[in-house]
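The values are calculated or read from the model by the stated rules, or taken from the named source; none is laboratory data. Note that the coordinates shown come from a computational prediction; the quantities given were computed from them, not determined experimentally. The protein model used for the area step is the full one, side chains on, heavy atoms only, and it has no ligands, DNA or RNA in it. Shrake-Rupley method; radii C 1.70, N 1.55, O 1.52, S 1.80 Å.
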Amino acid sequence: MLYPKKLNSKKRNLLIKILLGVSVGIAIILTIINKLTTPEIHWAALANSGILYAWITAKYSIDKRTNIAGHVMIQAIAISLLTVYIDYNLGFGGWSLEISIPIIIIIANVTMLVLTIVSHRKYMRYAIYQLVICIYSLIPIYFMQKGMIDNYVLSYVAIGISIVNFILTIILSARDVKEAIIRKFHM
């Protein structure tokens, strides 16, 4: 019986250190941008708490050995709702619909793509979550149609990434999906 290759602990620790460094760098850049552009509104603190939240969630998901794709889907929806709630409480400037939700969609799609690449043999475990995230990624179209978004760029990027991600996932896992269908339907 062949087992999937695992990252050895040295490579895993290096990857975690690199990603942690990138996260800290992003947090610092966000803080600087916040101080230079809108020092009266502390939006960088909210963004940085989101980065921290992502790290805690990732650690929990990996340590608990649960279906990470399910966590990604639930977290994407929950964080989106949280940002809309925060935006609403700050007077509803629309940033949750225009900026936050598209970024959350992008992150969820990139995470799902990484999961597919890392464990493409387990694609069937992630397929339904990938499909839900892809459908969820189309929500900005509704906001655009209702005129709730002024700047469409980030929404278009999120939708585009979602579609490309879904297509790449199908391409990367096509053989495994075909084998699963043959086994399932005894073809």
Query raised in the report: Mind checking which of ILE74, ILE159, ILE106 has the largest fluctuation in a GNM of the chain, springs on alpha carbons under 10 Å?
Result: ILE74
Query raised in the report: What label, among (1) 11.9; (2) 13.1; (3) 9.8, belongs to mean projected area of the Cα convex hull in nm² computed from the structure on display?
Result: (2)
Query raised in the report: In terms of solvent-accessible area of protein heavy atoms at a 1.4 angstrom probe, what is the ranking of VAL153, VAL84, highest value first?
Result: VAL153, VAL84
**Report entry** Relative contact order (%) - the chain, alpha-carbon pairs under 8 angstrom, separation at least six
**Finding:** 19 percent
